[in-house]
Amino acid sequence: MQGVIVTFDVSKGNCHYQGFKDQDTSYSKPRVLIFKKSSFKELEDYASRLRETYDTDEISYVFESTGVYHQVLRKYLDDHKLPYYIISPLISAKYRQTELHSNKTDPLDCKNIAKVYYGSDKEHLNPYKSPESKHEQLQKLNRYYEDAIEHLRKYKVTLRAYLDIALPDFDSCFPNRNIYNPLAMEVLKKWPHPDLILKAKESTMISYLEKKTGHNKGFIIRHVGIIKKWADEVYSGCDTDDEIVLKLVLLAKHIEEIRKEADDVLESLVNEARKEMLFDQLFSIPGIGENLAARIVAEIGDVERFGSINKLTSYAGVDPMIRQSGKYDGNHLSISKKGNKRLRCLLYLAISCNIRLKKNDPIYNFYQRKRQQPVPLKPKVARIAACRKLLAIIYGMSKSGELYRYD
């Protein structure tokens, strides 16, 4: 690559930047850009002087992907319609390792990013194109949903720990030991201790739970009897005024709120993803339901931005690592895991669901061949291989516009 550039080493709230004419010619020493309007004005003046000095109208802006920190800089460049390149930190690290003294400092990183830019060719380094707004919104919805599920998982673990103290074996009162059903959650919020359950009148509990849960009266009467009998026999590990009892009520409320929030986000995600052709194509694959199809669509985005299936598998991080040396072919190593981990997890889930269905389709048959070949792959390894097969099918369907077909 050639041309005048400005490189950025981005960190939280600010970044260092430096102009370059070529790999060996810098315009100035690195400067600090704070994410404030006045500092961005200084960057504009800096770029103007750079254009005058090197007599050029074109300046490219280059920086590493940082996940979150570079978003402000990216927004500024998008707003001003300035061309920029986002480089993977893994590529920068490789260039840094070629130095005799591979020190890492903010000023030196600007120079290292310039080396990456000038050392790359157009085929491997293309100007960044912001994803279409709809794809970006889908991804944000999926990330928000995942955050909600992660918080929900933590709250559930804490709730279980508190239940083992305050209400031991409370889940035995409900079908399939499910304490997250509406009946169990309402009992926890209203009577979070066996003594409180025993003090409450049975008629009061029945009336309250019937109103709150919407279950029929016969169902409520039967379970209130079971709960009362359990409360009479169990020995609690704390008193009714213990802090754990108060926390149980709060946890039950938090869990219900987050569950509703997660369900609402997932519903919005599915409704928006349905507008994409890829959604119907994914939904036609055995093992992929609406929710999973919507989340995969959100993480892949526009398939057209991947020039080949190899780029798509690299993006997902399921491309195999190859390290050849002499007679050692370096094949059959683990995957790189350097791509989108969320997409990778969703693909693995899709394959697992497909295998459980045991449909006579290409994905399941491919998995079985890997398990039954002369040197059979272990189940997990075979599933990873099937993930690559699934991506190839997704890429092919996006090109042909057809649904998944199998006999």
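The values are calculated or read from the model by the stated rules, or taken from the named source; none is laboratory data. Because the structure is a prediction, the values reported are computed rather than measured. We place every Cβ from the backbone using ideal geometry, glycine too, and count neighbours over all the protein chains shown. These accessible areas exclude ligands, DNA and RNA; they are computed on the full protein's heavy atoms, side chains included. Shrake-Rupley method; radii C 1.70, N 1.55, O 1.52, S 1.80 Å.
When you look at L282, is it more than 24 Å from H151 (Cα to Cα) and assigned to a helix (DSSP H, G or I), yes or no?
Answer is yes for this residue.
Pick from Y145, Y162, Y155, Y180: which is open to solvent by 50 Å² or more (accessible area, probe 1.4 Å) and either out of contact with any helix residue (DSSP H, G or I) (no Cβ under 6 Å at 6 or more places or on another chain) or closer than 30 Å to K341 by Cβ (or both)?
Among Y145, Y162, Y155, Y180, only Y155 is open to solvent by 50 Å² or more (accessible area, probe 1.4 Å) and either out of contact with any helix residue (DSSP H, G or I) (no Cβ under 6 Å at 6 or more places or on another chain) or closer than 30 Å to K341 by Cβ (or both).
Return only the number of the condition from (1) in contact with a helix residue (DSSP H, G or I) (Cβ under 6 Å, 6 or more places away or on another chain); (2) among the hydroxyl-bearing types (S, T, Y); (3) open to solvent by 70 Å² or more (accessible area, probe 1.4 Å) that S203 does not satisfy.
Every condition holds for S203 apart from (1).
Determine whether K81 is in a helix (DSSP H, G or I) and modelled with pLDDT under 95.
No, not satisfied.
Please indicate, with yes or no, whether at least one residue in region 133-140 is small (G, A, S) and at pLDDT 95 or above.
No: region 133-140 contains no residue that is small (G, A, S) and at pLDDT 95 or above.
Taking D9, is it among the acidic types (D, E), outside any loop (DSSP other than H, G, I, E, B) and more than 30 Å from R143 (Cβ to Cβ)?
no
Filter region 8-43 down to the residues that are acidic (D, E) and touching a residue at least 12 places away in the same chain (Cβ under 8 Å), then identify the one that is least open to solvent (accessible area, probe 1.4 Å).
The extreme case among them is D9.
Just the residues that are part of a helix (DSSP H, G or I) and open to solvent by 100 Å² or more (accessible area, probe 1.4 Å), please, taken from region 231-243.
Passing the criteria: D232, E233, E243.
May I ask you to list pairs of residues, at least six apart or on different chains, whose Cβ atoms are under 6 Å apart, with the first in region 260-278 being assigned to a loop (DSSP other than H, G, I, E, B) and the second being open to solvent by less than 100 Å² (accessible area, probe 1.4 Å) and not basic (K, R)?
Final answer for the pair search is E276/V297.
Quick check, is I300 of a type outside the set (D, E) and touching a Cys at 6+ places or on another chain (Cβ under 7 Å)?
no
Name every residue in region 280-301 that is more than 13 Å from N354 (Cβ to Cβ) and of a type in the set (S, T, Y), in order of residue number.
Correct list: empty.
Checking K104 against (1) under 26 Å from F35 (Cα atoms); (2) open to solvent by less than 80 Å² (accessible area, probe 1.4 Å); (3) modelled with pLDDT under 75, only one condition comes out false. Which one?
Condition not satisfied by K104: (2).
Would you be able to say whether some residue in region 217-230 is farther than 30 Å from S203 by Cα, open to solvent by 30 Å² or more (accessible area, probe 1.4 Å) and either at pLDDT 95 or above or not small (G, A, S) (or both)?
No, every residue in region 217-230 fails to be farther than 30 Å from S203 by Cα, open to solvent by 30 Å² or more (accessible area, probe 1.4 Å) and either at pLDDT 95 or above or not small (G, A, S) (or both).
Quickly run through region 251-265 and pick out the residues that are open to solvent by 20 Å² or more (accessible area, probe 1.4 Å) and touching a Lys or Arg at 6+ places or on another chain (Cβ under 9 Å).
K253, E256
List the number of the failed condition for N181; all other conditions in (1) within 30 Å of L141 (Cβ to Cβ); (2) at pLDDT 95 or above hold.
(2)
Do any residues in region 385-407 that are closer than 14 Å to L343 by Cβ have Cβ atoms under 8 Å from those of residues that are among the basic types (K, R) and not in a loop (DSSP other than H, G, I, E, B), where the two are at least six apart or on different chains, and which pairs are they?
These pairs meet every condition: C387/R344.
As an exercise: evaluate K190 against (1) open to solvent by 80 Å² or more (accessible area, probe 1.4 Å); (2) more than 40 Å from the chain's Cα centre (by Cα) and give the number of the one condition it does not meet.
(2)
Out of region 12-28, which residues are outside any strand (DSSP E or B) and more than 38 Å from the chain's Cα centre (by Cα)?
If the condition is that a residue be outside any strand (DSSP E or B) and more than 38 Å from the chain's Cα centre (by Cα), then D24, Y27, S28 are the ones that fit.
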